[in-house]
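Please read the structure below before turning to the comments.
Nothing in this text is a laboratory measurement; each read-out follows from the coordinates by a stated rule. Only a predicted model underlies this, so the values are computations on that prediction, with no experimental measurement involved. Glycine gets a Cβ as well: all are built from the backbone with ideal geometry, and neighbour counts include every protein chain shown.
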Amino acid sequence: MKFLLFFFLFNCLLFSQEKQIIFYNESGEKISNQKFIETRDYNKNLDIYYENDTIQIGLLITRQGFGKLDKNTFTILKMYLTDLSNKKIDSTQCIVINYLTAFPKKAENKKLKSTWNILDRDYLKKLYKIANINQFWVNSPESDNLEYYHHGKINWLTDKENILKSLFFPYEVRYGNYILIKPDGKFYYYLGEHGKHQIWEKAKKYFK
């Protein structure tokens, strides 16, 4: 009898400690777990998760986005990139930013070096032929994995003020993102895993 009572109280405790899970779509609307699963499409969106002491949140975010920086914000961004890189940005140049996120962490590495093809030598050679482009390699301040991504051969610049994160990447995703910015401040970004061919093709269309 005592054992049954203990078992009952133990299960009640576990049940009370289970966190409520709430799901939201790309528009911030609350949806069911089933709808969340049905709507998830890695070609269009990514699923990310947060939790605190009382609740868990599953959120779908759109992988692609367009916008335009106002003149003052664009000027500040260019000054920031110049300060990080010591590279001047001409007013007629397009900008490409390859942004390395904080995940995966170093402990997750299974190889000595990444085989991600945007790190290939021909990536920049072909990119510079598409348009008048100034390209930057930028990493999250929380990234502890730069050696894996060919640090030494690639001049990774730390987004120490989190300017890029606040402007374009409020959500932390895996691997990396990229941004294409026109001379007038119009921009396109893509979140999450991608390759050099995707950037080349998108740049050809966006900068034409």
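Only bridges with both residues in the stretch 18-62 count here: give the DSSP antiparallel percent, nearest 5. Please report the intermediate quantities before stating the final value.
On the way: 9 of 14 bridges.
Roughly 65 percent of the DSSP beta bridges within the stretch 18-62 come out antiparallel.
Report the paramagnetic label zone for residue 193: residues of the stretch 99-122 whose backbone N is under 20 Å from a point 7 Å from Cα along the Cα-to-Cβ axis.
Label zone hits: 99-120.
Can you list the residues, at least 5 places off or on another chain, whose amide H is less than 5 Å from the amide H of residue 45, using H built in the peptide plane?
Counting only residues 5 or more places away or on other chains, the set is 63.
May I ask which of 129/182; 71/205; 129/208; 125/204; 129/202; 88/126 have a Cα-Cα span longer than 19 Å here?
Working: 129/182 16 Å; 71/205 24 Å; 129/208 12 Å; 125/204 14 Å; 129/202 14 Å; 88/126 21 Å.
Pairs exceeding the cut-off: 71/205; 88/126.
Can you give the Kirkwood hydrodynamic radius for the chain, in Å, rounded to one decimal and based on Cα pairs? Let's see the in-between values first.
Values: mean 1/r = 0.0513 Å⁻¹.
For the chain, inverting the mean 1/r across all distinct Cα pairs yields 19.5 Å.
Give me 191, 146 ranked fewest to most by other Cβ atoms within 10 Å of their Cβ, as a rough exposure proxy.
146, 191
Give me a comma-separated list of calculated 3J(HN,Hα) values for the stretch 52-64, in order, Karplus coefficients 6.51, -1.76, 1.60 applied at θ = phi - 60°, integers in Hz, x for any Gly or Pro.
The phi angles translate into 10, 5, 10, 8, 10, 10, x, 10, 9, 10, 6, 6, 10 Hz.
How far apart, in nanometres, would the label points at residue 201 and residue 158 be if each is projected 7 angstrom from Cα along the Cα-to-Cβ direction?
The two pseudo-label positions are separated by 3.6 nm.
Each residue of the stretch 164-169 in turn: what ³J(HN,Hα) in whole Hz from Karplus with 6.51, -1.76, 1.60 and θ = phi - 60°, glycine and Pro shown as x?
5, 4, 6, 7, 10, 10
Among 208, 106, which comes first, second and so on when ranked by fewest other beta-carbon atoms within 10 Å?
Values: 208 7, 106 11.
Arranged by neighbour count, lowest to highest, 208, 106 become 208, 106.
Could you give the DSSP H helices of the chain that reach 24 angstrom or more along their long axis (alpha carbon positions) and whose average Kyte-Doolittle hydropathy is no lower than 0.5?
Details: long enough: none.
Membrane-span-like by this rule: not one helix.
How much length is gained if the chain between residue 57 and residue 87 is pulled fully straight, taking 0.36 nm per residue apart and subtracting their Cα-Cα distance, in nm to one decimal? Write out the running numbers ahead of the final one.
Values: separation 30, 0.36 × 30 = 10.80 nm, distance 4.08 nm.
Contour length minus the Cα-Cα distance gives 6.7 nm.
From the square roots a ≥ b ≥ c of the eigenvalues of the alpha-carbon gyration tensor of the stretch 73-139, which class results: rounded (a/c under 1.5), prolate (a/b over b/c), or oblate?
On the way: a/c = 3.27, a/b = 1.56, b/c = 2.10.
Oblate is the answer for the stretch 73-139, as a/c is 1.5 or above yet b/c matches or exceeds a/b.
For the stretch 18-62, what D do you get in µm² per second when you plug the Kirkwood radius from alpha-carbon pairs into Stokes-Einstein at 4 °C and 1.567 mPa s? Numbers along the way, then the final one.
Details: Rh = 10.6 Å.
Here the translational diffusion coefficient equals 122 µm²/s.
If you put +1 on each Lys and Arg Cβ and -1 on each Asp and Glu Cβ, how big is the dipole of the chain around its Cα centre, in Debye rounded to 20? Before the final figure, lay out the partial values.
Numbers: 32 positive and 23 negative charges, 197 e Å.
That gives the chain a dipole magnitude of about 940 debye.
Filter 44/113; 78/160; 30/160; 30/68 down to the pairs with a C-alpha to C-alpha distance above 26 Å, please.
Details: 44/113 29 Å; 78/160 15 Å; 30/160 34 Å; 30/68 28 Å.
Over 26 Å apart, Cα to Cα: 44/113; 30/160; 30/68.
Can you classify the stretch 107-208 as rounded, prolate or oblate using the Cα gyration tensor, where a ≥ b ≥ c are the square roots of its eigenvalues, rounded means a/c under 1.5, and otherwise it's prolate if a/b beats b/c and oblate if not? Please list the in-between numbers first.
Values: a/c = 1.85, a/b = 1.27, b/c = 1.45.
Verdict is oblate for the stretch 107-208.
Each label point is 7 Å from the Cα along the Cα-to-Cβ direction; what then is the distance between the points at residue 208 and residue 40, in nm?
It works out to 3.6 nm between the two label points.
How about residue 110: which aspartates and glutamates have a C-alpha closer than 17 Å to its C-alpha, ignoring those fewer than 8 places off in the same chain?
Here the aspartates and glutamates satisfying the reach criterion relative to residue 110 are 144, 147.
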